[in-house]
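The values are calculated or read from the model by the stated rules, or taken from the named source; none is laboratory data. Just so it is clear, the structure is predicted and the values come from calculations on it, not from any experiment. Please note: Cβ atoms are built from the backbone with ideal geometry, for glycine as well, and neighbour counts cover all protein chains shown. To get the accessible areas, we keep the full protein, side chains included, count just its heavy atoms, and leave off ligands, DNA and RNA. Shrake-Rupley method; radii C 1.70, N 1.55, O 1.52, S 1.80 Å.
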Amino acid sequence: VRCVVQIVVLAACLLCAGCGPLDRGELSRGVETLSAVAAESQLVADGVAQDRTRATYTRVHARTLAEDAAHEAEKLADASVAPGIERQRDRAVAIAQRLDDTIGTMETHPGDERAGVQVHKELTGIADDLDQLGQRLVQRL
Amino acid sequence: VKVVLRIALGIIAAIGGFVDIGDVVFNTQAGAQFGYELLWAVPIGVVGITVYAEMSGRVAAVTRRPVFDVIRTRLGLPTGLVVLVASLFVNVLTLSAEIGGVALVLQLFFDAPFTLFALLGALGMVTIIWFTPFEGLERLFGYLGLALFVFVAAALHEHPDWHSVGGGFVPEAKSSTLYWYFVVGLIAAALMPYEVYFYSSGAVEERWTPNDLLVNRLNAVVGYGIGGLLSLGLMVAAAQMFAPAGVVPDHLGTVPLLAQIPYGEAGLVLALLGMLFAIGGAAVDASFAAAYSIAQFAGWEWGKYRRPSGAPRFTLAWLVFFALDLGILMTGIDPLELTEYSVVLSVVALPLTYIPVLLIARDRTFMGEHANGPVARVLGWLYMVILVVVAVAAIPLLLATNAGGG
């Protein structure tokens, strides 16, 4: 019986391990995820800008990437945060929403080369913002 | 031409088994996250599956007994039943993932709801399997899956740093659990048990005899060699194009970018076609492997070379597996997550699958002059040790890395 109780307590501890408020490290990982989405979206936008891709592929894949950005934004917005990183969390949410909207433009105009150029430019700016935010979070870790 | 056509079994087994949805994603992720550092894990998997596929094909050609027949004979009914249940569980996960992969690729081609393409994809594959003879299936999926070579061409096109590529073939001892999770995943993905169930049963389907042992050896070496080359191509291309950009390929749709970047729309279409047929081939492999296992264990009539009325329970089995797996997909589960779990969980069944093959392949009372020689014997036991180590490490690594999620 004692052994079973120990296993149950251990399992409960493991389950609760990720249930606390969002800390700096987790926020940093969220920003990394957004950076990866932005980087991939830039590759997709590059294909659109140079007319080197298929519209259907762009539309479907852009939808998936936009969902990833939206999902990360919701996840960060819903989490309670550890003291001292509220501003960074809000900044990450705002960038994630911008990312979602920008990728959404490709979903709407998957065959428009000019839109591709514009989206690529905006994504470069978003990637820079994420990079800066990520560096600030890592420096204070 | 005849020889090329006769090695189709190895090619479909390799394309379907080696470069299925799991491998496409695992190799691309490994290259994107670790650059060339994990290249060494690919040849370990290739040599392992080549050794055991050759052995299982040889056993089938000499004794006319496929792997599951051998498992039951060698391990006895109770242990055989455990292996059967474990392998069916993994096969069900694998087949769901492959049907899901086919649906995802069709979605990237035509943009319609995933569930619709899952249904159409499964119906399409059932129709093709029903009306096409075994050899036709091998050739259709095996040869069209070779369009995946566009990834090898893409890797070469981007002029890899050959010094770094060479360095990637030297194993490194790292403390990162994610690194070891990928090592286990890459080796396990190469040695998925359904590959040898399909391969050895295919040898019986094609009525191999001891006269076909050279064809068997060519099938194993060329087929899995091609599979390994494709895996390396994906990893090197991802190391060149995704790693510097910071892309983390979590979606099947990310992979074709590797061909689109150097070759534009033509590369994209070739990549999607190759993925469609490779993953479709894996679905055929997995569905047949499940039906072969259960039919051989239960002693039913089996074989695609028979008409459905000649092997009704076998035919019903693969149809039921397709229906069951379609049902699983309709719950909305992510095919890529399914793949990761099926690959890592299959590792636990690996030693139980391969030990009976090894034991019977070395047994002169069964195999006569065709029993394992010194090279096969040494490699067979060496890989058995590797399989046991990998099997012990798989589940802790799966939990420690949150299934590769870090």
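When the stretch B:168-182 is examined, which residues are found to be open to solvent by 10 Å² or more (accessible area, probe 1.4 Å) and either under 16 Å from residue B:21 (Cβ atoms) or at pLDDT 90 or above (or both)? So that I can check it myself, show each step before the final result.
Taking the stretch B:168-182 and keeping what is open to solvent by 10 Å² or more (accessible area, probe 1.4 Å), we get B:169-178, B:180.
Residues satisfying the conditions are B:169, B:170, B:171, B:177, B:178, B:180.
Among the residues of the stretch A:44-73, the one identified as within 18 Å of residue B:334 (Cα to Cα) and either over 23 Å from the mean Cα position of the chain (by Cα) or polar (S, T, N, Q) (or both) is A:64. Is there a residue in the stretch B:273-286 that is within 14 Å of chain A (Cβ to nearest Cβ) and open to solvent by less than 10 Å² (accessible area, probe 1.4 Å)? There is at least one residue in the stretch B:273-286 that is within 14 Å of chain A (Cβ to nearest Cβ) and open to solvent by less than 10 Å² (accessible area, probe 1.4 Å). Counting the residues of the stretch B:327-350 that are open to solvent by less than 50 Å² (accessible area, probe 1.4 Å) and at pLDDT 85 or above gives 6. Scanning the stretch A:41-66 for residues that are touching a Gly at 6+ places or on another chain (Cβ under 6 Å) and surrounded by 24 or more Cβ atoms within 10 Å (Cβ to Cβ) yields A:45, A:48, A:53, A:61.
Tell me whether the stretch A:73-90 contains one or more residues that are open to solvent by less than 60 Å² (accessible area, probe 1.4 Å), within 7 Å of chain B (Cβ to nearest Cβ) and in contact with a helix residue (DSSP H, G or I) (Cβ under 7 Å, 6 or more places away or on another chain). There is no residue in the stretch A:73-90 that is open to solvent by less than 60 Å² (accessible area, probe 1.4 Å), within 7 Å of chain B (Cβ to nearest Cβ) and in contact with a helix residue (DSSP H, G or I) (Cβ under 7 Å, 6 or more places away or on another chain). If the condition is being open to solvent by 10 Å² or more (accessible area, probe 1.4 Å) and among the β-branched types (Val, Ile, Thr), then the stretch B:225-260 contributes B:226, B:236, B:248. The set of residues in the stretch B:94-115 that are open to solvent by 30 Å² or more (accessible area, probe 1.4 Å) and farther than 17 Å from residue A:57 by Cα contains only B:115.
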